[in-house]
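Asks: Please read through the structure below; I'll follow up with questions.
Only the coordinates and a few stated rules stand behind these numbers; no lab work does. Remember, it's a predicted structure, so these values are computed and weren't measured experimentally. Glycine also receives a Cβ, built like all others from the backbone with ideal geometry; neighbour counts cover every protein chain displayed.
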Amino acid sequence: MKNKLFCTLLSAALFGAGAAYAADAPVTANQGGLPGYEIKKAPESIASLPRVKQVMVDPPFVPEHSQVAPESPRVVEVEMFIDEKEIEVEPGVFMWAFTFNGTVPGPLIVVHEGDYVELTLKNLSKNKLVHNIDFHASTGALGGGELTFVAPGQEVVLRFKATKPGVHIYHCAPGGAMIPWHVVHGMNGAVMVLPKEGLRDPDGNKLSYDKAYYIGEQDYYIPKDENGNYKRYDRPDISFADDKKVMDGLIPTHITFGDRKGAYTGDNAMTAKVGERVLFIHSQANRYTYPHLIGGHGEFVWERGNLHDKPARDLETWSIAAGSAGAALYTFKQPGVYVYLNHNLIESINLGAVAQVKVDGTWDNDLMEQLKAPSPITDEKK
């Protein structure tokens, strides 16, 4: 093996917890491909491809993008920073989140099939932990995780080719028990790779959307003290032992859309208009989930996230496998406040996996009409 330091670090990261803490020495690795293997050079033509910089936005919003594939592949430049920050999951309940770009989930990245994603990943100097990123949309090196370890104060640049159309998660994967710990502290997001031919219905007809939202579902495991009160920690790197005891019980204390309960409700609800077709992208990096739009449907649904697949039609509830993302299209037909939730109702109503969509427009009595308002029963029979 050519780079013993890199391999020692990698082995520790994959099979033990210690490598996820900031080391005395910076993380080092060979530039290029995976050390220890013969490396085939990337085509020189990549240097002449158009370069575009994608401006990241906070979820549930998605970056500006075209639904029509470009004439030729591009290099899409993405810059993300890692920020370990305390968040308030619900009033009076705090947790240290490990975030991409300061948000939970991290931002959605949108590219087209055949594009190259060029990521600059920065681990802020104030942080305490070593981090990396595993793209489920990529090929090789544990999704790029083996090539992106960064200690606090370091940055790394990774390029991968988006060859698999679909919606895919990304997450931190520093090794061993640190992987789930980082993931359930919010360190996950998603990539949408649009097919060259665009979205299609089961008959091959083109599909489009008027707007899109990204919902990154989270499961948190926050420890309590002997009096049953949630604990609060002074630093991000000291709660691991307590967290792991809760995590190993496999029962989340909170399940949220976004960083906290109610993140996408009330004044922060998603919005639409009657007649608009909305694409909902939903990810869950750690558990199964069952999205449902109360009062609406999944008219076209890619449950497993593969946008080359024929979508399912008119689903009332769909499922997203643990460690994956899915997408659903719906054209709103009635105004009102819709509830978008995980239809495990204990997890949504009791633990927090609920969002809202406020829809403006004209009510259609042909679709639904109250024919009699609530009033006393006139002929009650047992």
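Asks: Students often forget the sequence filter, so: which lysines lie under 24 Å Cα-Cα from Lys381 once same-chain residues fewer than 8 apart are removed?
Replies: Within the straight-line limit of under 24 Å, Lys381 reaches these lysines: Lys372.
Asks: I've got another one for you. Just to verify a number: FRET efficiency for Ser319 and Ile377, C-beta to C-beta distance, R0 = 45 Å, to 0.05?
Replies: Numbers: r = 40 Å, r/R0 = 0.90.
With a Förster radius of 45 Å, E is 0.65.
Asks: What list do you get for Met192, Met80, Met368 if you sort them by fewest beta carbons within 10 Å?
Replies: Lowest to highest Cβ neighbour count: Met368, Met80, Met192.
Asks: Relative to the longest principal Cα axis of the chain, at what angle does helix 4-15 sit, 0 to 90 degrees, rounded to 10?
Replies: 30
Asks: Can I ask one more? How many nm separate the modelled label positions at Lys244 and Glu79, each set 7 Å beyond the Cα in the direction of the Cβ?
Replies: 3.7
Asks: Run the numbers on the stretch 197-343 and let me know its relative contact order in percent, using alpha-carbon pairs under 8 Å that are six or more apart. Before the final figure, lay out each step's value.
Replies: Working: 287 pairs, mean separation 38.6, N = 147.
Normalised by residue count, the contact order of the stretch 197-343 is 26 percent.
Asks: If we count other beta carbons within 10 Å of each Cβ, what is the order of Trp96, Trp363, fewest first? Before the final figure, lay out the partial values.
Replies: Values: Trp96 22, Trp363 13.
Placing the least packed residue first, the sequence is Trp363, Trp96.
Asks: Take Lys126 and Ala312, extend 7 Å from each Cα along the Cα→Cβ direction, and tell me the distance between the two endpoints in nm.
Replies: Spacing of the two 7 Å Cα→Cβ label points: 4.4 nm.
Asks: Note down the nm distance, to one decimal, between modelled labels 7 Å out along Cα→Cβ at Asn365 and at Lys273.
Replies: Computed distance between label sites Asn365 and Lys273 equals 2.5 nm.
Asks: What pairs in Lys273/Lys310; Lys164/Lys206; Lys53/Lys122; Lys164/Lys211 have C-alpha atoms more than 25 Å from each other?
Replies: Values: Lys273/Lys310 27 Å; Lys164/Lys206 19 Å; Lys53/Lys122 16 Å; Lys164/Lys211 23 Å.
Pairs exceeding 25 Å: Lys273/Lys310.
Asks: Can I ask one more? Could you work out [θ]222 nm for the chain from helices alone, using -39500 (n - 2.57) per DSSP H run of at least four and dividing by all its residues? Round to the nearest 500 deg cm²/dmol. Kindly include the intermediate steps, with their values, before the conclusion.
Replies: Numbers: 3 runs with 26 residues, N = 382.
Taken over the chain, the calculation gives -2000 deg cm²/dmol.
Asks: Using a 10 angstrom Cβ neighbour count of at most 15 plus a DSSP loop assignment to flag exposed GluC sites (Glu not before Pro), which longest range of the chain is free of such sites?
Replies: Excluding the exposed sites themselves, the longest stretch runs over 72-196.
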